[in-house]
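Below is one structure; the comments refer to it alone.
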Amino acid sequence: MTSSEKQFRPVAVPAVSVGGFWGKWQDAVCDETASILLDRCIAAGMLKAIDPDQPSPGVVIPFHSMSPSKPESEHKARVSTQMFWDSDFAKSIETIAYALYRKPNAELERRADEIIDLYEKLQQPDGYVNSWFQRVQTGRRWTNLRDHHELYCAGHMIEAAVAYFQATGKRKFLDIMCRYVDYMLTVFGHGPGQLPGYCGHPEIELALVKLARVTGNRKYMDLSKFFVDERGTQPHFFDNEAIRDGRSPKDYHFNNYEYSQAHLPVREQKKVVGHAVRAMYLYSGMADLATEYHDDSLTSALETLWDDLTTKQMYVTGGIGPAASNEGFTDYYDLPNETAYAETCASVALVFWASRMLGRGPNRRFADIMEQALYNGALTGLAMDGKTFFYDNPLESTGKHHRWKWHHCPCCPPNIARLVASVGSYMYAASDRDIAVHLYGESTARFELAGGAKVQLAQKTAYPYEGAVYLSLGLAAPSRFALSLRIPEWAEGATLAVNGEALDLKAVEVDGYARIERDWKDGDAVVLDLPLALRPLHAHPKVRQDAGRVSLMRGPLVYCAEEVDNGADLSTLHIGGTPKVAGTTVLDDMNGAVALDLDVRRDTVKDWGNALYRSTPPQAEPAKVRLVPYHLWDNREPGAMLVWFQAQ
């Protein structure tokens, strides 16, 4: 079987236990975030919205509750978020499910069961379940797939149902969603009276793959493929739907279907456009289908889109979508720092996509970006204590950007929480006779390969702050399989040894992974060393916002300067082309993060006087700057932050 024919699937969340760096983050989610998500969803009114025994709450964010200066368009935007409350509840339940793997919590489980019971009551005899269209906007079922998030909500509920079943063994939520999807199979298609449609906000596609995998029911996978194959085809479903509903197809808030990636059939799309989260969810579903159906046409399209995103439209943090206006993409090389939108959900979804691009075989091209987005663009969305969040993630701040407790569109908190709580499943993947290690971190993973071979793989490491990774294998009986270890592109001088015998990395490297195929036995040990040299990064010359500037990474981490360590006026700092680390400090109050102290130069105003402008530049004098990992900024005293520095 060739590499292109293999199907690598992520290891199930229960099969991986993590410690070290990720263990601390998971503990924060278990101890704080999971219950906070429910508390704040319920405070917003979501529990009443799904309870059929209570009167319909109607629209619970009335216009008069907002500032009179707020335009009606913002009111409509806020109301629209209530339309997808089911998805926020679902992601919260999914987070709880993953948290229960790590720390059983009877009270959290009881609260989740209560919500699931209400959805069971809400479900109609035909299987349909959606609180908005059953309780608020009745009679509008399936009338506006373009805008109304029906299938999007269903997708998140499916994901939650799968996770909760795997965590607790309870089938109720899973059965609810299977009934719902069985009903969808009668609604969507090309038969008489069926809708040849798809959702304006992709999500259902990747969720149906999860449902098919856990139930073994191929028809759920086929429905996902139907949604993907129909997208963007002519005659355009959204046009026909609008006419059928008495609306003008031209009455669309972004004037074209690029916003929802429905402007062309998916295999013809060459440029990443529109709403960033929608794009990433769509591509995630496409990648899953490419793996399951061995679909080279989908893989080819995705590789083109991948290059378009990562070479022209992605921040150094793995953040994507620079504009607030469409929560998405603008022009090539348009990457402003202070006004960067870079929604947490978008980086989370980029991790999803990258992980699924590894379904047809390990490839550093995708895994390196998965790691970059995970540690920087996504993780910054969650505070260390698990209690507050970022929605948008600028790379520069004058001190006015801070974490918030909640948001009228609360999609990001449960999204980053469910990713952190399930991160083990992104670290490893397996095919019949292969194990791939995509991410490094203290963990133990359990695999069952073809023929019943059971393998336990343990990592001992202080990664990402140290580069030494010790892997040990546990097997009941010797077994032959391939172990593939990612060698990050940045890890110059990496070394690898098996049972104390050094291997020639170049001789065993395949697509950026060290592939070691051999007869493995219990107790075999692999030692990988990844040098964590501080490295300066310069942006493409067409990125005007970063011209003459430099950013710094160490291993997978982007570093930044904060006012709390360095005082104000961070833009006066100059960092040389080969920055030298004067010292490192372990910050015990910041999850054991490693701070870097650098010798730099800093502009001074001592001799400047009162003039606003003058003909000579400011004097620069030697100084030190302390840098901390970007994902930890705004966890201490509020203040300014900077990622891109003046380059000397």
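Remarks
- Residue within region 20-34 that is assigned to a helix (DSSP H, G or I), out of contact with any strand residue (DSSP E or B) (no Cβ under 8 Å at 6 or more places or on another chain), free of Cβ contacts under 8 Å to residues at least 60 places away in the same chain and within 30 Å of residue 423 (Cβ to Cβ) present: no
- Evaluation of residue 456 against (1) in a strand (DSSP E or B); (2) crowded, with 19+ Cβ neighbours inside 10 Å (one fails), failing number: (2)
- So residue 613, is it crowded, with 20+ Cβ neighbours inside 10 Å and among the hydroxyl-bearing types (Ser, Thr, Tyr): no
- Among all residues of region 418-439, there is at least one that is at pLDDT 95 or above, under 30 Å from the mean Cα position of the chain (by Cα), within 30 Å of residue 388 (Cα to Cα) and assigned to a strand (DSSP E or B).
- Residue 344 buried (at least 18 other Cβ atoms within 10 Å of the Cβ), among the polar types (S, T, N, Q) and more than 23 Å from residue 644 (Cβ to Cβ): no
- Those residues of region 619-648 which are without any contact (Cβ under 8 Å) to a residue 24 or more places away in the chain and either over 24 Å from residue 585 (Cβ atoms) or in a loop (DSSP other than H, G, I, E, B) (or both), in sequence order: 619
- Being assigned by TED's automatic domain parsing to the domain that holds residue 167, surrounded by fewer than 22 Cβ atoms within 10 Å (Cβ to Cβ) and β-branched (Val, Ile, Thr) holds for only one residue in 398, 380, and it is 398.
- Of all residues in region 361-402, those satisfying the criterion of being over 13 Å from the mean Cα position of the chain (by Cα), under 18 Å from residue 34 (Cβ atoms) and not hydrophobic (A, V, I, L, M, F, W, C) are 385, 386, 387, 388.
- Sub-6 Å Cβ pairs linking a first residue in region 457-469 that is under 26 Å from residue 481 (Cα atoms) to a second residue that is among the hydroxyl-bearing types (Ser, Thr, Tyr) and surrounded by fewer than 21 Cβ atoms within 10 Å (Cβ to Cβ), at least 6 apart or interchain, are 458/444; 458/472; 460/470, ordered by first then second residue.
- Among the residues listed as 122, 118, 108, the single one being aliphatic (A, V, I, L, M), within 26 Å of the chain's Cα centre (by Cα) and surrounded by fewer than 23 Cβ atoms within 10 Å (Cβ to Cβ): 108
- Region 488-503 residues that are at negative phi and part of a strand (DSSP E or B), paired with ones that are loosely packed, with under 13 Cβ neighbours inside 10 Å and at pLDDT 95 or above (beta carbon under 7 Å, 6 or more apart): 495/502
- The set of residues from region 173-192 being assigned to a helix (DSSP H, G or I) and either of a type in the set (A, V, I, L, M, F, W, C) or not assigned by TED's automatic domain parsing to the domain that holds residue 157 (or both) comprises 173, 174, 176, 177, 178, 181, 184, 185, 187.
- Residues in region 74-95 include at least one that is in contact with a helix residue (DSSP H, G or I) (Cβ under 7 Å, 6 or more places away or on another chain), surrounded by fewer than 18 Cβ atoms within 10 Å (Cβ to Cβ) and in a helix (DSSP H, G or I).
- Flag if residue 192 is over 18 Å from residue 147 (Cα atoms) and either surrounded by fewer than 20 Cβ atoms within 10 Å (Cβ to Cβ) or under 21 Å from the mean Cα position of the chain (by Cα) (or both): yes
- Identity of the residue in region 367-408, of a type in the set (Val, Ile, Thr) and assigned to a loop (DSSP other than H, G, I, E, B), that ends up farthest from residue 512 (Cα to Cα): 398
- Test: residue in region 253-261 that is more than 19 Å from the chain's Cα centre (by Cα), at pLDDT 95 or above and surrounded by 24 or more Cβ atoms within 10 Å (Cβ to Cβ): no
Let's see how each residue does on (1) surrounded by 24 or more Cβ atoms within 10 Å (Cβ to Cβ); (2) in a loop (DSSP other than H, G, I, E, B); (3) not aliphatic (A, V, I, L, M):
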site	(1), (2), (3)
282	yes, no, no
291	no, no, yes
300	no, no, yes
330	no, yes, yes
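- Residues (among the hydrophobic types (A, V, I, L, M, F, W, C) and either under 31 Å from the mean Cα position of the chain (by Cα) or closer than 15 Å to residue 435 by Cβ (or both)) located in region 498-524: 498, 505, 508, 510, 514, 516, 520
- Among the numbered conditions (1) buried (at least 17 other Cβ atoms within 10 Å of the Cβ); (2) over 31 Å from the mean Cα position of the chain (by Cα), the only one that residue 549 does not meet is (2).
- Checking every residue in region 617-630 against the condition of being in contact with a Ser or Thr (Cβ under 8 Å, 6 or more places away or on another chain), of a type in the set (A, V, I, L, M) and crowded, with 16+ Cβ neighbours inside 10 Å gives at least one match.
- Hits in region 47-65 - residues which are among the hydrophobic types (A, V, I, L, M, F, W, C) and touching a residue at least 60 places away in the same chain (Cβ under 8 Å): 47, 49, 50, 59, 61
The values are calculated or read from the model by the stated rules, or taken from the named source; none is laboratory data. Remember, predicted model here, so these are calculated numbers, not experimental data. Here Cβ is always computed from backbone atoms with ideal geometry, including for glycine, and neighbour counts include all displayed protein chains.
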